[in-house]
1. Every residue in the stretch 53-84 that is assigned to a loop (DSSP other than H, G, I, E, B) and of a type in the set (Ser, Thr, Tyr), please.
2. May I ask you to say which residue of 13, 41, 9, 18 is out of contact with any Ser or Thr (no Cβ under 6 Å at 6 or more places or on another chain) and of a type in the set (Val, Ile, Thr)?
3. Pick from the stretch 1-57 the residues that are open to solvent by 90 Å² or more (accessible area, probe 1.4 Å) and closer than 27 Å to residue 113 by Cβ: which of them is nearest to ligand 2 (Cβ to nearest atom)?
Amino acid sequence: MKLKRITNTPEDTIKLGTEIGKKLQPGDIIALKGNLAAGKTTITKGIAISLEIEDEITSPTYTIISEYYGKIPLYHMDMYRIEGSEEFEMLGADEMLYGSGISVIEWSERIEEYLPENHIIIDIQRQDDCSRIITIEGLEL
Ligand SMILES: Nc1ncnc2c1ncn2[C@@H]1O[C@H](COP(=O)(O)OP(=O)(O)O)[C@@H](O)[C@H]1O
Ligand SMILES: [Mg+2]
């Protein structure tokens, strides 16, 4: 089933992220889809709030993976700059995916072959104004 939400501000998107975060279980994997500046990192900030992470969530574009420790570990990944599957495995990312933390992956299209069938998909579409159309698949809110 697909759930559709519209947010009008970054704060709305963070709030939706907290709603999502409350429903997550250890081991869950979220594929975050949407163009540059759609709000993928913004929604992750909300997820982190629900996981009681106190560190600030920043874009992992250059680090590729950021680990945060709250109620459940959060692995925030951004595959935009990943060179290929060798780099992915060298970073230990494949093991994180199958561990008991929560993985949130921006640009997951690039490592699609590592995604188990059972993952959550959040797609964020930027509109001409500040609104975002956000669809959620694989998670009930
Ligand atoms: N409704 C909205 N939801 C999320 N972000 C928004 C919204 N409106 C404006 N923005 C802005 O869009 C940008 C989204 O950036 P970011 O979350 O880093 O995107 P991404 O990780 O998808 O590249 C931020 O500067 C944010 O303030
Ligand atoms: Mg981002």
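The values are calculated or read from the model by the stated rules, or taken from the named source; none is laboratory data. Quick caveat, the model's predicted, so the values are computed rather than measured. Please note: Cβ atoms are built from the backbone with ideal geometry, for glycine as well, and neighbour counts cover all protein chains shown. For accessibility, only protein heavy atoms count, side chains too; no ligands or nucleic acids. Shrake-Rupley method; radii C 1.70, N 1.55, O 1.52, S 1.80 Å.
1. 58, 59, 61, 62, 63, 69
2. Selected residue: 9, the only one of 13, 41, 9, 18 that is out of contact with any Ser or Thr (no Cβ under 6 Å at 6 or more places or on another chain) and of a type in the set (Val, Ile, Thr).
3. Going through the qualifying residues, I end up with 36.
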